[in-house]
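We did not get these values from a lab; they are worked out from the coordinates using the rules stated. Just so it is clear, the structure is predicted and the values come from calculations on it, not from any experiment. Backbone-built Cβ (ideal geometry, glycine too); neighbour counts: all protein chains shown.
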Amino acid sequence: MSITLRREIPKLASIVIFAVMVLSTLFVDFPALNALGLEFTKWSNVISSMSVGLGVVSLCLYHIPRMIKRDKENPYQWIYSISSLFFMFAFIFVGFAYGLTSKAYSWWYDTFNAPIAAAAPFLSGFFMVPATYKAFKLKNLDAASLMIPAILFMIYQTPMFSGVPVLSTICIYLLAYVTSATFRAAIIIVGLGIIYLSIRTILGMEKGYLPEGG
């Protein structure tokens, strides 16, 4: 298959599928078009499931060689590889055998995943503090506007200072007004970017996912 066909077929499929999904969900109430959009949604779910399976295979291809070779530069990497594959297959087996709402799956989740999920942000805090200092050095007003609220929020999240009235008032005000306004502006910007990308995709101008070559 020539490079032209390998570029034009995915581009045409993307244009048609994207146009059908947008029209069937937002603008047009036509039974045949709605049924086609529903069918595309089912196919997207199938592709998503296949992607999860591909992720499992990729993890195995990544970790199994490291378990066998045991690189001298990273002598403990094989332990992390074994533990990763063990817990991945354990959760898969328990989920398929007993169901995601079973007591067995809940025990595995509460015993292993929940404590690790709680400990990960705590451990990352040791890296966030020096990284914040390096990224937001007080060289100008913009850096100060980022550094000072970050320090205040880190202090406010600690149990020792969470009950300080002045600090609580400042942090609640920043969360209720400054952070909310900034988040909404970011959502609007992202939405405009999605619309722009959608228009480029529908018109066939977006070619970043196509193979290179003429």
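I'd like to check something: does the stretch 59-81 contain any residue that is in a helix (DSSP H, G or I) and surrounded by fewer than 10 Cβ atoms within 10 Å (Cβ to Cβ)? Looking for residues that are in a helix (DSSP H, G or I) and surrounded by fewer than 10 Cβ atoms within 10 Å (Cβ to Cβ), one finds at least one in the stretch 59-81, hence yes.
As a summary of the residue check, residue 40 satisfies the conditions (1) of a type in the set (Phe, Trp, Tyr); (2) within 30 Å of residue 105 (Cβ to Cβ); (3) surrounded by 10 or more Cβ atoms within 10 Å (Cβ to Cβ) except for the one numbered (2).
If you go through the stretch 164-191 and keep only what is more than 29 Å from residue 127 (Cβ to Cβ) and within 20 Å of the chain's Cα centre (by Cα), you end up with 184, 188, 191. Exactly one residue among 127, 161 is under 27 Å from the mean Cα position of the chain (by Cα) and either exposed (fewer than 10 other Cβ atoms within 10 Å of the Cβ) or outside any helix (DSSP H, G or I) (or both), and that residue is 127.
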